[in-house]
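Trainee: I'd like to ask you about the structure that follows.
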Amino acid sequence: MSLNLEQYVSEFSAQNINGEHLLQLDGSKLKALGMTSSQDRTIIKRKLKEMKASLEKARKAQEKMEKQREKLRRKEQEQLQRRSKKIDKCSSDATEGTNEQ
């Protein structure tokens, strides 16, 4: 409807075309859905291409964020392990000092 192609809404609805299905449509499938105008198909295909690019960009951004979170988690884990080793060493040194006295 935002593309001023509301004449196809009823057919798309009747065929249960949702967002996921919409992204899978190509020119021949659009034609089979009753979109006889090549201009209308071009408009839809251009918009679908934009949507796919946008989805891919969002997916890559999400992956990047997940990698950054994982890197941060690993770094925090390493810091905890170093602290734990340092505490163990200090405890061991203190125990040895007490035993010597």
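The values are calculated or read from the model by the stated rules, or taken from the named source; none is laboratory data. Nothing here was measured: the structure is a model prediction, and the numbers come from that model. Note: ideal-geometry Cβ built from the backbone for every residue, glycine included; neighbour counts use all protein chains shown. With ligands, DNA and RNA removed, areas are computed over all heavy atoms of the protein, side chains included. Shrake-Rupley method; radii C 1.70, N 1.55, O 1.52, S 1.80 Å.
Trainee: Identify which of 72, 48, 30 has the largest mean-square fluctuation in a Gaussian network model of the chain, with springs joining Cα atoms closer than 10 Å.
Mentor: Among 72, 48, 30, the largest GNM mean-square fluctuation belongs to 72.
Trainee: If you place +1 on the Cβ of every Lys and Arg and -1 on the Cβ of every Asp and Glu, how big does the dipole about the Cα centre of region 12-101 come out, in debye to the nearest 20?
Mentor: The calculated dipole for region 12-101 is roughly 640 debye.
Trainee: Okay, moving on. Across region 67-81, in residue order, what do the Karplus-derived ³J(HN,Hα) couplings come to in whole Hz, using 6.51 cos²θ - 1.76 cosθ + 1.60 with θ = phi - 60° and x for Gly and Pro?
Mentor: Coupling constants for region 67-81: 5, 5, 4, 5, 4, 5, 4, 4, 4, 4, 4, 5, 5, 4, 5 Hz.
Trainee: Let me ask something else about it. For every other residue with a beta carbon closer than 13 angstrom to the beta carbon of residue 44, add +1 if it is Lys or Arg and -1 if Asp or Glu, then tell me the sum.
Mentor: +3
Trainee: Run lengths n ≥ 4 of DSSP H only: what is the helix-derived mean residue ellipticity at 222 nm for the chain, with -39500 (n - 2.57) per run over all residues, to the nearest 500?
Mentor: Result for the chain, helices only: -27000 deg cm²/dmol.
Trainee: How much accessible area per residue does region 7-89 have, in Å², with a 1.4 Å probe?
Mentor: 84
Trainee: I'd like the carbon and sulfur percentage of the solvent accessible area for the chain, probe radius 1.4 Å, heavy atoms only, ligands and nucleic acids excluded.
Mentor: Carbon plus sulfur share of accessible area: 51 percent.
Trainee: Shifting gears a bit: Out of 55, 43, 80, whose Cα points farthest toward the positive end of the dipole of the chain (charges: +1 Lys, Arg; -1 Asp, Glu; placed on Cβ)?
Mentor: About the Cα centre, the residue reaching furthest to the positive side is 43.
Trainee: When all C-alpha to C-alpha distances in the chain are sorted into bins of 10 Å, what percent of pairs does each bin hold, rounded to whole numbers?
Mentor: In order of increasing distance, the bins hold 12, 26, 13, 11, 10, 9, 8, 7, 4, 1 percent.
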